[in-house]
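J.: Structure below; questions to follow.
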There are 2 protein chains.
Amino acid sequence: MKIKKKDAILNAATHLFSVKGFKDTHMAEISKLTGAAEGTIFYHFNNKEELFLTILNEFKESILNEFKKFTEENTFETGLSMTEEMISFYLHMAQSMEDRFLLLHRHDAYELSQTSEPCRQHLEAIYNCMVDMFENAIEQGKKDGSIGDISSRKVAMIIFGMVDGLLRFNTYGLYDAGTLFNELIYACRKILKNDR
Amino acid sequence: MKIKKKDAILNAATHLFSVKGFKDTHMAEISKLTGAAEGTIFYHFNNKEELFLTILNEFKESILNEFKKFTEENTFETGLSMTEEMISFYLHMAQSMEDRFLLLHRHDAYELSQTSEPCRQHLEAIYNCMVDMFENAIEQGKKDGSIGDISSRKVAMIIFGMVDGLLRFNTYGLYDAGTLFNELIYACRKILKNDR
DNA sequence: TAAAAAACTGACTGAGCGCTCAGTTAACAA
DNA sequence: TTGTTAACTGAGCGCTCAGTCAGTTTTTTA
């Protein structure tokens, strides 16, 4: 029964910020969901923005961690297969951390990052992490010959943009990304494959 | 000096909704920007939501129109080159209608579409229009042999997701999509090209 | 067990903002 | 010119909501 309230607040706020956005999430609602008084929220966090930033920071930490673990604990035959498996892993993560990925797909964080330097840094770290992973895989593929001679960074951005773009179709309820998985891997392979 | 106020309101609101989002756009601001009294805004539009929907509807009309004109006024050698040129055209449109594309990349419309049927229809029309264009081009490419045997609809979604995903990098200030243009076309060609 | 510190409470505040309405001005028709 | 309608105005109402604060409860420390 210790420090529980603070964690409960973080959990509820994460969910609400993701589903309803920053502006539409009200302290009264977090209070009701957690049983903590509104005053308690402001006891732990100076203001709404600080609460949001705390959540973003924790998300950054855990996503960087997960990706690090993924590359450390796995070995890959070729750079190409590594890239493909990273797409799967990314989609898997997006599913298991659904609410926080939704947060990333909202405008809230990007707006905040214009006035808050720490916010900008968290966002940058998250995106850099993901693009870096793809870039490394492509770089490796170029060395082992499974991937052709292309600009690693730029194509990494293209691949990441493609995967993330599809994820948004899901988020917005426009299409079920799951049914596009095979085509996604197919497209990735086509782009990267060394065809000499 | 006729009906000007209404148009001024629509223009100012389009810009503000795009840049600041639905919630963060206040009637007082639209009023100040246009010189129209707040009451005037509510004289022309019953409420804020109706103002937003009017803008979304006009956007739908003009984008459907532009794409129709594009396919009618151009002829293409192959389905593959048609697809490539459509990507260019899409990026070109995103530039010339920058604010309204920003509107599309926000959550506002998707949130509204959950309670407003007309809003849902507008969004669906816009996205269908774009994916349909790509699908047609791919279909044509399959017939003329420039594109391999793939699922037109699904790959159209992938291509669209890829292009739109890159556009977001721009929007969010994460990367300059312009420098990725060559890679984008390269990726598209790789995915589609008939390699039999 | 007493004192101090930390955690928590909820009624209250004040600013913000969508929207109304009673009235004024401009445009047009007879 | 007069009557009628459409366009326009802005003070103000009612409500929402982030944040405060004086006080209570729980935990820790000595």
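The values are calculated or read from the model by the stated rules, or taken from the named source; none is laboratory data. None of these values were measured; they are calculated from a predicted model. Using ideal geometry, Cβ is built from the backbone for each residue, glycine included, and neighbour counts are taken over all protein chains shown. All accessible areas refer to the heavy atoms of the entire protein, side chains included, with ligands and DNA or RNA removed. Shrake-Rupley method; radii C 1.70, N 1.55, O 1.52, S 1.80 Å.
J.: With all protein chains present, how much of the accessible area of chain A (probe radius 1.4 Å) comes from carbon and sulfur, to the nearest whole percent? Please list the in-between numbers first.
T.: Numbers: 4530 of 9410 Å².
Here it works out to 48 percent.
J.: Let me ask something additional. Within 10 Å of each Cβ in B:152-162, how many Cβ atoms from other chains are there, averaged over the peptide? Can you show the working numbers first?
T.: On the way: counts 0, 3, 8, 5, 1, 10, 10, 3, 4, 15, 11.
Per-residue shielding by partner chains comes out at 6.
J.: Ok, one more. Using Cα-Cα distances under 8 Å and only pairs 6 or more residues apart, what relative contact order does region A:1-137 have, in percent? Before the final figure, lay out the partial values.
T.: Details: 83 pairs, mean separation 41.0, N = 137.
Here the relative contact order equals 30 percent.
J.: Provide Rg over Rh for chain B; use the alpha carbon set for both Rg and the Kirkwood Rh (inverse mean inverse pair distance). Walk me through the numbers before you get to the answer.
T.: On the way: Rg = 19.2 Å, Rh = 18.3 Å.
Computed over Cα atoms, the ratio is 1.05.
J.: Based on the Cβ-Cβ distance from A:Thr179 to A:Arg120, what FRET efficiency comes out when R0 is 41 Å, to the nearest 0.05? Kindly include the intermediate steps, with their values, before the conclusion.
T.: Values: r = 36 Å, r/R0 = 0.87.
With R0 = 41 Å, the Cβ-Cβ based efficiency is 0.70.
J.: Suppose only helical runs count, i.e. DSSP H with n ≥ 4. What mean residue ellipticity at 222 nm does that imply for chain A under -39500 (n - 2.57) per run, divided by all residues and rounded to the nearest 500 deg cm²/dmol? The partial results should precede the final answer.
T.: Numbers: 10 runs with 148 residues, N = 196.
Taken over chain A, the calculation gives -24500 deg cm²/dmol.
J.: Tell me the total accessible area that A and B bury against each other, 1.4 angstrom probe, in square angstrom rounded to 100.
T.: Working: alone 11150 and 11150 Å², together 18840 Å².
In total, this chain pair buries about 3500 Å².
J.: Please compare each pair in A:Lys68/A:Lys143; A:Lys193/B:Lys190; A:Lys190/B:Lys143 to a cut-off of 18 Å on the Cα-Cα distance and tell me which ones are over it. Could the numbers behind the result be given before it?
T.: Details: A:Lys68/A:Lys143 21 Å; A:Lys193/B:Lys190 9 Å; A:Lys190/B:Lys143 20 Å.
A:Lys68/A:Lys143; A:Lys190/B:Lys143, as the Cα separations exceed 18 Å there.
J.: Please report, for B:Ser81, the nm distances (one decimal) from its label point, 7 Å out from Cα along the beta-carbon direction, to the equivalent points in the remaining copies, shortest first.
T.: Inter-copy label distances (nm, one decimal, shortest first): 4.1.
J.: Lys and Arg at +1, Asp and Glu at -1: add these up for the other residues within a Cβ distance under 14 Å of B:Ser152 and post the number. Don't jump to the answer; show the numbers that get you there.
T.: Details: positive: B:Lys142, B:Lys143, B:Arg153, B:Lys154; negative: A:Glu183, B:Asp132, B:Glu135, B:Glu139, B:Asp144, B:Asp149.
Residues near B:Ser152 contribute -2 overall.
J.: Can you return the lysines within cross-link range of B:Lys4? Criterion is Cα-Cα under 17 Å, with same-chain partners fewer than 8 residues away left out.
T.: Candidates past the 8-residue exclusion: B:Lys32.
J.: Apply the Kirkwood formula to the protein assembly as shown: the hydrodynamic radius equals the inverse of the mean of 1/r over all pairs of different alpha-carbon atoms; give it in Å with one decimal. The partial results should precede the final answer.
T.: Values: mean 1/r = 0.0439 Å⁻¹.
Every distinct Cα pair counted, the radius reaches 22.8 Å.
J.: Under a no-solvent Debye model with one identical scatterer per Cα of region B:1-75, what's log10 I(q)/I(0) at q = 0.19 Å⁻¹?
T.: -0.76
J.: Between B:Asn46 and the same site in the other copies, what are the distances in nm, shortest first, taking label points 7 Å from Cα along the C-beta direction?
T.: Here B:Asn46 shows inter-copy label distances of 4.5 nm.
J.: Given C-alpha coordinates of region A:68-143, what is the ratio Rg to Rh with the Kirkwood estimate of Rh? Could you put the intermediate results ahead of the total?
T.: Values: Rg = 14.6 Å, Rh = 13.8 Å.
Ratio value, two decimals: 1.06.
J.: With respect to the symmetry axis carrying chain B onto chain A, which residue of chain B exhibits the smallest Cβ distance to that axis, and what is the value in whole Å?
T.: Checking which Cβ lies nearest the axis yields B:Gly165, 1.
J.: Can you tell me the accessible area per residue over the protein assembly as shown, all protein chains present, probe 1.4 angstrom, in square angstrom? Write out the running numbers ahead of the final one.
T.: Numbers: 18840 Å² over 392 residues.
Computed with neighbouring chains in place, this is 48 Å² per residue.
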